[in-house]
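The structure under discussion appears below in the form of structure tokens.
The values are calculated or read from the model by the stated rules, or taken from the named source; none is laboratory data. As the structure is a computational prediction, the values presented were derived from the model and not from experiment. We place every Cβ from the backbone using ideal geometry, glycine too, and count neighbours over all the protein chains shown. When the accessible area is computed, the model is the full protein with side chains, heavy atoms only, and any ligands, DNA or RNA have been set aside. Shrake-Rupley method; radii C 1.70, N 1.55, O 1.52, S 1.80 Å.
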Amino acid sequence: MKGIIIGIPYIVSVLFTCIAPSFGISQFLAGKVSTPHFSDNRSNFLPGTLYTVNSRHFLSAAPCSINLTSAIGTDVQTICASSAISSIVYTLGGGATNASITAGALPSGVITSFDGTTFTISGTPSQTGTFNYSVTGTGATCTDVIATGTITINAVPPIPTIASGGPTTFCTGGAVTLSSSSASGNQWYKDGTAMPGETNATYAATTGGSYTVVVTTTGCASPVSAASNVTVNPIPPTAVITAGGPTTFCTGGTVTLSSSSASGNQWYLNGTAIAGATSQTYAATGSGNYTDVVTTTGCASPASVATTVTVNTIPPAPTITAGGPTTFCTGGTVTLTSSSAAGNQWYKGGVLIAAATNQTFAVTASGNYTVIVTTTSCSSLTSAATVV
């Protein structure tokens with residue numbers, strides 16, 4: 001037998017005989033011996049067993065050992081539902097030959113295994129909650145030892161849904177509000193990439209893309225929502241109008257206006273759409289301000305700069321009144337008067353009479369006299385002839 005003073009192990013390996021009165025190991029364990037006397041009865045000791053002398057000079061078996069040999073912290077872990085736990089591994093020693101769960105419980109889906117040296121807890125939990133457990137290591141030559149741990153399984157949030165507050169197809173400069181079915185824990189994504197800071201229950205989308213949301217609670221993330229696809233169409237450029245001729249003309253005239261856009265045109269007169277005027281060109285016959293708006297994929301351009309068309313009225317055909325007889329002798333005269341106070345041009349035999357532009361004209365020679373009235377560059381029909 002080997003041994004030293006109090007607290008240092010004795011290893012009983014041989015038969016020994018006490019010099020003083022002898023006592024059995026049971027007497028030491030019963031607290032009936034105050035000094036370390038030993039019996040020569042080998043049946044009271046277990047060969048190869050580690051014993052220690054305690055403060056009362058009694059012998060007791062040393063404890064078994066159980067040590068966590070998996071990663072630090074694996075014995076107290078928190079995971080999300082449907083995820084496998086990190087394996088929890090305990091290694092036995094000090095004479096321990098068996099281990100088992102002796103208190104608490106493990107969640108469903110988590111199992112244990114023991115290979116004679118290591119005790120392993122592993123698996124994928126099928127329930128949520130907090131589970132405290134105790135593992136006891138036992139052996140024939142050592143006292144029991146206990147290791148404890150906790151496994152917490154948090155629920156995964158349900159898949160969120162996205163509701164749109166309006167059309168998801170709109171023009172540049174527009175927006176649509178997307179709302180998550182979850183009031184909190186949101187993270188918005190565009191085309192699969194998280195948008196920094198976008199964690200509210202709503203998101204105002206102003207650009208095209210595929211928008212999704214993920215909800216996270218107690219460290220567990222939901223599956224990705226179904227995508228809400230937003231389409232933003234560009235606004236076409238402002239059209240430019242080109243006139244194919246003078247934009248000021250007389251009643252009955254016309255001018256062709258052409259848009260710089262080959263398609264999508266709508267012509268307007270004084271701000272009002274002209275029914276059916278959707279071609280690239282428009283023949284303007286009336287006065288007013290003409291504009292063009294181009295629409296593509298539902299998006300309208302700003303109105304073009306207006307082209308002003310002026311249509312002047314043709315004056316009525318004048319009438320001639322003779323101021324006396326239209327037949328007279330050489331050296332005589334007759335005054336012809338136009339019904340128009342201005343814009344007159346007198347003709348004799350269809351030939352313009354130079355400088356004869358007053359309302360009246362004094363005729364001294366025979367011939368057929370007519371007058372034409374011109375206002376705002378528009379000439380009337382020729383008057384009926386007065387024969388002198």
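Some observations on this one:
- Residue in the stretch 254-265 that is over 41 Å from the mean Cα position of the chain (by Cα), within 30 Å of S379 (Cα to Cα) and part of a loop (DSSP other than H, G, I, E, B) present: yes
- If the condition is being under 30 Å from P157 (Cβ atoms) and either open to solvent by less than 20 Å² (accessible area, probe 1.4 Å) or in contact with a Gly (Cβ under 6 Å, 6 or more places away or on another chain) (or both), then the stretch 124-143 contributes T124, P125, S126, N132, Y133.
- Per-region count, the stretch 206-241, residues free of Cβ contacts under 8 Å to residues at least 40 places away in the same chain, assigned to a strand (DSSP E or B) and open to solvent by 30 Å² or more (accessible area, probe 1.4 Å): 1
- Of all residues in the stretch 368-385 being open to solvent by 20 Å² or more (accessible area, probe 1.4 Å) and of a type in the set (G, A, S), the one that is farthest from G350 (Cα to Cα): S377
- Residues of the stretch 196-205 satisfying the condition of being touching a strand residue (DSSP E or B) at 6+ places or on another chain (Cβ under 9 Å) and surrounded by fewer than 13 Cβ atoms within 10 Å (Cβ to Cβ): A204
- Only one of the numbered conditions (1) in a strand (DSSP E or B); (2) surrounded by fewer than 18 Cβ atoms within 10 Å (Cβ to Cβ); (3) not charged (D, E, K, R) is violated by I121, and that is (2).
- Close pairs from the stretch 286-304: first at positive phi, partner open to solvent by less than 10 Å² (accessible area, probe 1.4 Å), Cβ under 7 Å, at least 6 apart: G288/V309
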